[in-house]
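Right, one structure below, let's go through it.
Nothing in this text is a laboratory measurement; each read-out follows from the coordinates by a stated rule. What you see is a predicted model; the values in this text were computed from it and never measured. No Cβ is skipped: glycine too gets one built from the backbone with ideal geometry, and neighbour counts run over all protein chains shown.
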Amino acid sequence: ANMALTLIFLGVLLVKTCQVSPDACEHFGFGSSGDGIFLLILLFSVVTVLSFIAFSLHQLVRGSQQAVTVLLLRATGAPPELSLARGTVYHLFLSHVWSSGQDQAAVIKRCLSICLPGVRVFLDVDDLVYIGDLEAYIAQSAAVLVFLSKGIFQSRNCLREARAAMADDKPLVLVHEADPNRGGLPLADIRAQCPADLSSFVFAEERAVTWQRVAQYQRLSLKLVAERVLQSCPTSSIDPLEVEVEVERRSQGLCFKGEITCADLAFTRHTALLVSAHNAGASELAAELRAAVTDRLFSVVSVNEDGGETGVAAVLSGTHAAIMAELGWGAAFFLLYLKDGVFAGGAGERLAEQLRLLPSYRNLGVLLVHENDRARGGCEFERFLETTPEDLVTGGLYSDIALAFHEEPFRQVS
């Protein structure tokens with residue numbers, strides 16, 4: 001774009017030169033008026049701008065494709081087989097309300113088309129011919145995805161689709177929009193809005209897939225949806241029982257190429273995670289990490305300012321430090337588990353005291369973990385900026401990005 005503007009400027013300058021000195025312009029073969037110069041450079045500039053736009057669009061599409069790749073069967077490493085029963089046209093019907101779910105439904109269809117090549121997904125803006133045929137489209141679909149967002153059960157057409165799915169006993173895939181800024185509502189509120197005659201059918205399966213937007217978590221959302229799509233195929237290679245057992249841990253039936261699991265993680269040097277006894281929930285989180293990563297080079301060390309020999313200073317400078325050095329410890333991190341009330345009361349004050357000691361130890365990093373699961377005390381990050389002691393905030397405590405820990409099964413991704 002800058003090159004095009006420069007060329008236009010030079011073209012105008014040359015035209016002006018030709019107007020002032022026609023002989024000079026004619027000497028260089030541009031004629032006496034300079035119109036040829038202007039047209040030539042204008043054409044070149046237009047071509048340059050169009051090329052830039054085309055390149056940008058290409059990069060955008062390429063980036064989107066790289067974010068979501070093809071799904072493979074975990075057991076064989078081969079692509080899953082997508083089949084349809086006789087009379088079935090679509091693998092999945094997307095039921096959503098336009099006011100709060102249209103964009104998300106379009107993203108789901110686009111991403112599924114990339115990670116499940118050959119999948120046929122019904123989306124109204126792409127496939128609807130006549131609104132009166134909604135029930136027929138449901139009948140032609142192997143499964144129905146209900147995108148649970150604000151107003152889904154106030155939509156006349158969405159209710160038609162749900163009742164048609166119930167009449168045809170179609171398997172449902174529930175996807176929940178949890179972000180209130182994007183049309184999300186708590187799942188309990190959405191369920192309360194569901195008509196009584198539909199509630200037992202729609203929510204017969206308690207579990208709903210939470211729709212995520214961060215790439216790593218969104219891939220798991222898509223994977224869980226894809227597994228349920230494959231389960232509705234006549235020749236499915238996905239065992240529904242296996243998925244039901246494992247879904248609380250992670251998606252087992254499918255995987256993306258090059259996908260890394262907790263079992264694949266390993267440390268190259270001894271690493272210690274310091275966990276404060278004054279940080280509520282930190283010990284439990286450390287236990288989760290220890291169970292997920294069984295590498296012998298990873299250890300958890302509890303620090304407690306109420307016990308002189310187990311305080312931060314003692315662990316990093318005293319007897320414990322000598323033992324750690326002897327064993328060849330290569331790295332140490334202080335875990336700060338951020339949940340509601342983390343700096344409240346006496347425990348919060350003791351935790352703040354520990355954090356004030358950390359800058360004295362150059363080789364000690366701070367691992368910030370932000371709890372997002374409401375059942376575990378998760379809250380918005382802005383609350384920590386309001387409740388953390390001011391000197392810690394201005395001292396750069398939150399200069400690094402906190403790692404988000406979501407509810408299962410997304411917790412394994414964290």
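Counting other C-beta atoms within 10 Å, which of GLU305, GLU408 has the fewest, and how do the rest follow?
By the 10 Å Cβ count, ascending: GLU408, GLU305.
Full-extension gain between ILE260 and ARG160, please, as 0.36 nm times their residue separation minus the C-alpha to C-alpha distance.
31.9 nm
Expressed in nm to one decimal, what extension gain is obtained for the pair TYR130 and ASP179 from 0.36 nm per residue of sequence separation less their Cα-Cα distance?
14.4 nm
Taking the Cβ of each residue in VAL229, VAL369, VAL125 as the centre, tally the other Cβ atoms inside 10 Å and list the residues starting with the fewest.
With the sparsest Cβ surroundings first, the list reads VAL125, VAL369, VAL229.
In what order do SER221, SER199 fall by count of nearby beta-carbon atoms within 10 Å, going from fewest to most?
In increasing order of surrounding Cβ atoms, one gets SER199, SER221.
Using a 7 Å offset from the Cα along the Cα-to-Cβ direction at both GLU408 and SER51, what is the distance between the two label points in nm, to one decimal?
5.6 nm
In what sequence, highest mean first, do 261-268, 169-176 appear when ranked by Cβ atoms within 10 angstrom?
169-176, 261-268
Provide the net charge surrounding TYR398, with neighbours chosen by a C-beta distance below 13 Å and charges set as Lys +1, Arg +1, Asp -1, Glu -1.
-4
What is the ratio of the Cα radius of gyration of segment 74-256 to 2.2 N^0.38 Å, with N the residue count, to two decimals?
The value comes to 0.97.
Stretch ALA106-SER299 to full length: gain in nm at 0.36 nm per residue minus the Cα-Cα span?
65.0 nm
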